[in-house]
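Values in this text are rule-based calculations from the coordinates and carry no lab data. All values derive from a computational prediction rather than experimental measurement. Cβ placement follows ideal geometry from the backbone for every residue including glycine, while neighbour counts extend to all protein chains displayed.
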Amino acid sequence: MIGLFALVGWSPEALAVYGPRMAERMASKPEWVTSLIVSEAAACGRIGPRTDTCFWSSVDGMHLASLDGYAFRPDQPEIQVSAGELASSLLERGPSALLSFHGEFSLVIIDHRHQKLYVATDRFGTRPAYWYVGQNRLVITSELHSAFELDLIPRKLNNLFVIGLLKLNKCRLGDSTLFDGVSVVPPGTVQIYDLDHIRQPQCIKYYEYTRGHNDKETSRWISEITYHLRRATENAAQRYPGGTALALSGGLDSRLVLASLSSSLRRDIFAISCGLPNSDEVRLASETAICAGSNYTNVDLNAQDYIGWARKSVIRNEEFDIFVQGAQIALHQTAAQSAKALMTGWDLDIPLRGTYLDASVLNIKSEHDLRLILGQKWGLFSSDELANVLKPSFGQANVPLFEDWLTDLLSALPAQTALDRYLLFVFQYEKRRLLMLRNRMIRWELETVTPFYDAALQKILSEVPETLKFNNQLFVQVLSYLGPELMSVPYQRTMLPPSVPVEFWKKAFELEELKEDLYRAIYAKTGVQISYKRYYSNFGEWLATAPSWLSLINELLMSPRTMLTQEIMERDAILRFVEEHKSGQKSHRAKLVYLLTIELYLREYFS
């Protein structure tokens, strides 16, 4: 007999009310409690005023299901499939039945008759679902913090995951999390648990993202891609009656969302951003919205605001670049006043833009080349830096195990070439994982719609040759075709209009980087501070000069309470990064932001 805690898609309000009651029953009863999934939901009707979760019980009461999100048949995108239809299809025809449905969802089914529990995710894993098996207990949840607050999962740090964060920056490897024993249900997967015998689940992949190569004329690619883009974005914009907001930046992905919408939908959409009101990023987002004919607002934030939102955000995710994403709560809460769902332009870097392609990547020939590229392009700390930063006992025990783990993950990717393996690695362990984490943040206030992860669109994009994607060359033609009126607004990474030929973009980006370096050098030499205003935040400057951020560094990284320096990292190494950054000698912005992020999570969950 096991204790079962299966909550997917519950609102924070519902968890606060019903979570403790479930935990109390689990503690007092040795038998597994499945009826709670539905009975507690029925007690308050549809769970949560903002979630699209629905529940189903078969006529004979032998099957219960909880659906988070939405699913539809590709020929009827306007009709949402019920939890019962989705569950019945899976039970009757097996996991491959889910290929008949598109959408963003996670699904939990309890089969009383056969004592089985099923957990299913959509093709791309857009909805969060975590699982834990241990202590004679099975936990399936979309809200990890609540599970920890209810003492359903032990608080044990995953050391290899920490090494991965320090080595590969934004990549979250495998299905692991910051918590040992807690895993993410992978995309395109059905897990099957035997409720009579506690053990690891059977995992069946019903969908595997692969890359193909289809030779077509560029004009034909543009025609097919624009057709699917329009279809995906317009369906997404109309998915939730009651209004849809769009998270708009000075970048190009969210601009492409606007470009893909009809004039009437552009007028209906509520475009919103957040950040420094005098930044170029906010100004460019405003100009883009004006050119598109959309309503727009910015939620003004300052240096102190980013700290405040980060502290509040650690309960909303298991690990993230919390100073960037935490501030998005301000955007989500403002959007929720006028909309039911938030649409995002996440993310076309791998599928269409060729963002991670350059000469060195295109020439990857071997696994050795692949490891070098990963270190160069994704490394937060190099191997040498990590050797000096980690406490010897922690590094010696975990770095070799991490390297073996990384080797196994790379070899398991379904790719024929080293280049394909590299792109799949980034897509699977950075892009899709961060998509899930971002959506989890949003879902505290709003529903999420991610049109670029439409299954039909992704199928087309996966077949585009990398040579056409390289340096945004196909992307910019698609953007120009859909929204020529948006091509005059500069792009925040280059500060050039995207109408400028793409061969000039790299040089423009380098000039912007040199400008930021110049301002830092002027400050180091003269003490004269010139603010760099390209982005909606300015962490580099704040970490060197803002009193609130310097105080935060002292509190989190330099105090006797600092958990990072107790068992993981050398205090002197962190002090060196701080002093070099403050003096302007060298920029350690990314390192310091991630160290502060990790420390916040350590204190919240492991203190």
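Using only DSSP helix segments of four residues or longer, with each worth -39500 (n - 2.57), what per-residue ellipticity at 222 nm results for the chain after dividing by its residue count and rounding to 500? Mind showing how you got there, number by number?
Working: 27 runs with 284 residues, N = 607.
Rounded to the nearest 500, it is -14000 deg cm²/dmol.
As I understand it, the dipole of the chain uses +1 on the Cβ of Lys and Arg and -1 on the Cβ of Asp and Glu, about the Cα centre. Which of A83, G134, P547 lies farthest toward its positive end?
Farthest along the dipole direction, towards plus: P547.
Computed from the coordinates I sent, Kirkwood radius over Cα pairs in Å equals one of [x] 24.4; [y] 25.3; [z] 27.1. Tell me the label.
The calculated read-out lines up with [y].
Most exposed first by the Cβ proxy, i.e. fewest other Cβ within 10 Å, how do M62, M495 rank?
Numbers: M62 12, M495 16.
Listed from fewest to most nearby Cβ atoms, that is M62, M495.
How would you rank 523-529, 404-410, 600-606, highest first, on the average number of other Cβ atoms within 10 Å across their residues? List each step's numbers first, then the result.
Details: 523-529: 11.3, 404-410: 15.6, 600-606: 17.6.
Highest to lowest by the protection proxy: 600-606, 404-410, 523-529.
Could you pull out every one of the lysines with an alpha carbon less than 17 Å from that of K170, ignoring same-chain neighbours closer than 8 positions?
Partners found: K377, K431, K591.
For the pair Q333/N302, report the inter-label distance in nm, with labels modelled 7 Å from Cα in the Cβ direction.
Result for the modelled spin labels: 1.7 nm.
Quick one: in region 474-572, what % of C-alpha pairs are over 24 Å apart? Don't jump to the answer; show the numbers that get you there.
Details: 2411 of 4851 pairs.
Distances greater than 24 Å cover 50 percent of the Cα pairs.
For each pair in K365/K582; K116/K205; K469/K586; K216/K515; K391/K506, compute the distance between the two Cα atoms and list the pairs where it is over 29 Å. Before the final figure, lay out the partial values.
Numbers: K365/K582 41 Å; K116/K205 18 Å; K469/K586 34 Å; K216/K515 41 Å; K391/K506 39 Å.
From the list (K365/K582; K116/K205; K469/K586; K216/K515; K391/K506), the Cα-Cα distance tops 29 Å for K365/K582; K469/K586; K216/K515; K391/K506.
Along its principal axes, what span do the Cα atoms of region 252-376 show, with the longest given first and each in whole Å?
Principal-axis extents of region 252-376 (Cα, largest first): 51, 39, 28 Å.
Rank these for me by crowding, T562, T417, going from fewest to most other beta carbons within 10 Å.
Working: T562 20, T417 12.
Exposure proxy ranking, most exposed first: T417, T562.
Round to a whole angstrom and tell me the spacing of the C-alpha centers of region 90-128 and region 287-315.
Going from one Cα centre to the other spans 35 Å.
At what distance in angstrom do the alpha carbon centres of region 482-513 and region 406-470 lie from each other?
25
To the nearest 20 debye, what charge dipole does region 538-606 have about its Cα centre, counting +1 at the Cβ of each Lys and Arg and -1 at the Cβ of each Asp and Glu?
Values: 8 positive and 9 negative charges, 25 e Å.
I would put it at about 120 debye.
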